[in-house]
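Below you'll find the structure, written out as structure tokens, and then a few comments.
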Amino acid sequence: MTTTHNLGFPRIGAKRELKFALESYWKGESSRDALKALGAQLRQRHWNDQAGLDLVPVGDFAFYDQVLDMSFTLGNLPARVQGFHGDALDNYFRVARGRSAQGAEDHAGCCGGVAAGEMTKWFDTNYHYIVPEFTADTQFKLDASRLLEQLAEARAQGVKAKPVLVGPVTYLSIGKAKDDSDKLALLPRLLPVYAELLETLAAQGVEWVQIDEPVLVTELDADWQHAFNAAYHQLKAARVKILVATYFGQLQENKYLAANLPVAGLHVDAINGRDDVVPLLSMLPAHKVLSLGVINGRNIWKSDLSATLDWLEPLAERLGERLWIAPSCSLLHVPVDLASEQKLDAEVKSWLAYALQKLDELRVLAAALRHGRDAVKDQLAANRAALAARRASPRVKNPAVQAAVARLDSQLGRRESIYAQRAPKQAALLKLPPFPTTTIGSFPQTAQIRHARSEYKAGRLDAVGYKAAMQAEIQRSVREQEALDLDVLVHGEAERNDMVEYFGEQLEGYAFSQFGWVQSYGSRCVKPPILFGDISRPKAMTVEWTQYAQSLTQRPMKGMLTGPVTILNWSFVRDDQPRSASCKQLALAIREEVLDLEKAGVRVIQIDEAALREGLPLRKAQWQDYLDWAVESFRITANGVRDETQIHTHMCYSEFNDIIASIADMDADVITIETSRSDMELLDAFDNFRYPNEIGPGVYDIHSPNIPSQEHMVQLMRKAAERVPAERLWVNPDCGLKTRQWAEVLPALTNMVAAAKTLRAAA
């Protein structure tokens, strides 16, 4: 009998209950007990949603981040939070966001907060984790209380529990040494804590433990390969059965290593790593379970169940009870329930599957393998009909768009002149001071903005009233920026619900959900638009708002756009053509918007590519192909303008040092980039690479409520000036300000402008 299981479930709730509970707690409006009770309710509901599976994950729920949970389980807390009193949850949030709840901080006497942990992308997803911190002196000490509490809850509910852990090798790999120490040197200290944890779970009667080791799908040198063997040979004595789970990519040269780890089972991503499966069959020891991720846990299209069974049935016959099936990865990366969508385009909806529907697909596959296809013939027929309808839909293909992409040539991606010739022309036009100041684009999305948007969508506010409300917010943003004495202004993006969804709503080829929320980090949820067809731009999307903002000031006003690579990477993307083809369609559409902004007199245009880095394949050998079409797409978008028009781009919360040459190839006049949480670590890239254009290394961590001091920002910029000529440096936050409050933003930006003026005076 084929075993069914799941690797993880979305934790935010179908209606973002966790988001609202967290934000209420942080504001001091609700109690710690209320937050914990909500967490327990969500876990109970989600375990019930997974009923019928043979094994259900426990420990995949987190109040902020599963990697941060693992750090606390291992007793690996940064020294800066170890002296604070209060509940462990308070320290947890201090590491996550710089401070805990308002009342808790008052009690602990640390109202100013602490430095939040660095945040970066979880492999090639848009989920952000809190980076573990190490030094040569790091010690580990088990605290299994969180996991044991959730295990007890699951047991009380009758759940067939499979605890989930971040594996020891992956944990070290994704962390950062805060000194010059070797992370792998910590493995001998770390493994006894894992062994103790496994023994603790065994004492609770746990049979199977899922240990996530996604780093196995990356290129590993000999030391890291040896670390895997050392780790699991030490852990094999545990009285539990270990399922090592890999996902997001192919094992390739790591197949033999993974297959022969001394564990009871191996999970592989059979969506991205299908080619690994057949070779693994001859490598696996005869006793070992092979779990196949046969349902895509990263995208929302219905699976082709008949085609999946075509290749799965022979494997089931060969492996028998050793075959397990599951989604390819945790369902954290997809929305919860398609049934909640009452306003989604009906035709597109018929092509989709959210988390609950993916588990239904898994159950259909299991029933077919156990009892034959006739047992689920109606479900298989409905699935085939939906897939056929999608393929035949005239809404998917647009011959005019495909012809435009076919006509693309390299000339479209070239500026009239090189940067050295453009820069003086832009300087003469803009007349900016040294260390010019700007923000990344968005200002706080106030309650008034959200209310007006809600009323407009509900039909209780007409278009004229909505426009007036948004213009009032734009006026406020411009007025505040002039009072702050910022040099290059933005309109604040009051009219935008999300930097990707806003554009998708105005492009042909997209559909939109009402409840398609996924977690990006902490309480931050995004609703990726659904890219189902060829992309075109029927009309201008931002010009009117930007023109209005410019009419309110004599200072330069940036036009704010999201770039094609980010729109692609932050959408649920069609799976019936290469991603590169969809990206070039987006590039042509956004290029039209860039040219219309320039025609409207906008002289500074920012094209955000925050997600450029996260789209990189996990294997460096595959990077160049991606970077070639990604950079080309940006250049197609950006480079049709005159020399005098200054093009900005923005990137955040990823590791950029190893692709700095490709970032330079984008040839943006100015790049603003996140560096504040990493203490300007990005600038290490400039030790060996001379970045040719202007750069604004972020000095204000907008994902924390903490207000940085003027002195701190001056210090960061002086560190930047050691690597980049001062005349090419900008001063700016590290990301947009939509998630912050005006009460935080204004003092922080006041300090930022003062820092810039201090730098100018000293120049």
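One residue alone among LEU186, LEU172, LEU151 is open to solvent by less than 30 Å² (accessible area, probe 1.4 Å) and within 15 Å of ILE211 (Cα to Cα), and that residue is LEU172. Here region 241-260 is the region considered, the condition is being closer than 16 Å to TRP324 by Cβ, outside any strand (DSSP E or B) and of a type outside the set (Gly, Ala, Ser), and the residue that is nearest to the chain's Cα centre (by Cα) is TYR247. Whether any residue in region 699-707 is at pLDDT below 85 and surrounded by fewer than 16 Cβ atoms within 10 Å (Cβ to Cβ) is what I want to check. No. If we scan region 589-609, do we find a residue that is at pLDDT below 95, surrounded by 17 or more Cβ atoms within 10 Å (Cβ to Cβ) and part of a helix (DSSP H, G or I)? Taking every residue of region 589-609 in turn, none turns out to be at pLDDT below 95, surrounded by 17 or more Cβ atoms within 10 Å (Cβ to Cβ) and part of a helix (DSSP H, G or I). Count of region 100-115 residues, restricted to those that are at pLDDT 65 or above and farther than 15 Å from LEU68 by Cβ, is 4. Total residues in region 561-583 satisfying the condition of being open to solvent by less than 10 Å² (accessible area, probe 1.4 Å) and of a type in the set (Gly, Ala, Ser): the figure is 2. Among the residues making up region 141-173, those that are more than 22 Å from HIS233 (Cβ to Cβ) and assigned to a helix (DSSP H, G or I) are SER145, ARG146, LEU147, LEU148, GLU149, GLN150, LEU151, ALA152, GLU153, ALA154, ARG155, ALA156. Residue-level check: of (1) under 19 Å from LYS162 (Cβ atoms); (2) open to solvent by less than 10 Å² (accessible area, probe 1.4 Å), ARG43 misses just (2). Consider GLY696 carefully, then state whether it is part of a loop (DSSP other than H, G, I, E, B) and modelled with pLDDT of 90 or more. No.
Every test in (1) of a type in the set (Asp, Glu); (2) at pLDDT below 90; (3) in a helix (DSSP H, G or I) is passed by GLU711 save one, and that test is (2). Comparison of ILE174, ILE211 shows that the only residue that is closer than 25 Å to GLN622 by Cα and β-branched (Val, Ile, Thr) is ILE174.
Considering LYS162, LYS183, the condition of being farther than 18 Å from ALA245 by Cα and under 28 Å from the mean Cα position of the chain (by Cα) is satisfied by LYS183 alone.
Counting the residues of region 633-674 that are within 19 Å of GLY698 (Cα to Cα), open to solvent by 20 Å² or more (accessible area, probe 1.4 Å) and in a helix (DSSP H, G or I) gives 2.
Can you confirm whether LEU281 is more than 18 Å from ASP575 (Cα to Cα), of a type in the set (A, V, I, L, M) and in contact with a strand residue (DSSP E or B) (Cβ under 9 Å, 6 or more places away or on another chain)? Taking the combined requirement at face value, the residue satisfies it. Annotation for region 537-560: no member residue is among the hydrophobic types (A, V, I, L, M, F, W, C), over 26 Å from VAL464 (Cβ atoms) and open to solvent by less than 10 Å² (accessible area, probe 1.4 Å). Among the residues making up region 394-413, those that are touching a helix residue (DSSP H, G or I) at 6+ places or on another chain (Cβ under 9 Å) and closer than 18 Å to ARG591 by Cα are VAL401, GLN402, ALA404, VAL405, LEU408, SER410, LEU412, GLY413.
Among residues of region 718-763 being farther than 22 Å from ASP684 by Cα and of a type in the set (D, E, K, R), the one that is surrounded by the fewest Cβ atoms within 10 Å (Cβ to Cβ) is ARG760. One residue stands out in region 545-585 among those that are in a helix (DSSP H, G or I) and touching a Ser or Thr at 6+ places or on another chain (Cβ under 7 Å): the one that is farthest from CYS735 (Cα to Cα), namely LYS584.
Evaluate region 110-132: report whether one residue or more is open to solvent by 50 Å² or more (accessible area, probe 1.4 Å) and in a helix (DSSP H, G or I). No, region 110-132 contains no residue that is open to solvent by 50 Å² or more (accessible area, probe 1.4 Å) and in a helix (DSSP H, G or I).
Based on this model, can you work out whether VAL518 counts as within 27 Å of SER704 (Cβ to Cβ), of a type in the set (Val, Ile, Thr) and at pLDDT 95 or above? Against the criterion (within 27 Å of SER704 (Cβ to Cβ), of a type in the set (Val, Ile, Thr) and at pLDDT 95 or above), VAL518 qualifies. Of everything in region 382-418, what is farther than 23 Å from GLU632 by Cα, assigned to a loop (DSSP other than H, G, I, E, B), open to solvent by less than 60 Å² (accessible area, probe 1.4 Å) and not aliphatic (A, V, I, L, M)? Give them in sequence order. Of everything in region 382-418, just one residue is farther than 23 Å from GLU632 by Cα, assigned to a loop (DSSP other than H, G, I, E, B), open to solvent by less than 60 Å² (accessible area, probe 1.4 Å) and not aliphatic (A, V, I, L, M), namely SER393.
To keep it simple, each residue is scored yes or no on (1) crowded, with 22+ Cβ neighbours inside 10 Å; (2) touching a residue at least 24 places away in the same chain (Cβ under 8 Å); (3) out of contact with any His (no Cβ under 8 Å at 6 or more places or on another chain).
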{"residue": "GLU207", "(1), (2), (3)": "no, yes, yes"}
{"residue": "THR218", "(1), (2), (3)": "no, yes, yes"}
{"residue": "TRP224", "(1), (2), (3)": "no, yes, yes"}
{"residue": "PHE228", "(1), (2), (3)": "yes, yes, yes"}
{"residue": "GLN234", "(1), (2), (3)": "no, yes, yes"}
{"residue": "ALA245", "(1), (2), (3)": "yes, yes, no"}
{"residue": "PHE248", "(1), (2), (3)": "yes, yes, yes"}
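Of all the residues in region 419-461, those that are open to solvent by less than 10 Å² (accessible area, probe 1.4 Å) and among the basic types (Lys, Arg) number 1.
The values are calculated or read from the model by the stated rules, or taken from the named source; none is laboratory data. Quantities reported herein were computed from a predicted structural model and do not represent experimental measurements. Note: ideal-geometry Cβ built from the backbone for every residue, glycine included; neighbour counts use all protein chains shown. Accessible surface is based on the protein model in full, side chains and every heavy atom, while ligands, DNA and RNA are left aside. Shrake-Rupley method; radii C 1.70, N 1.55, O 1.52, S 1.80 Å.
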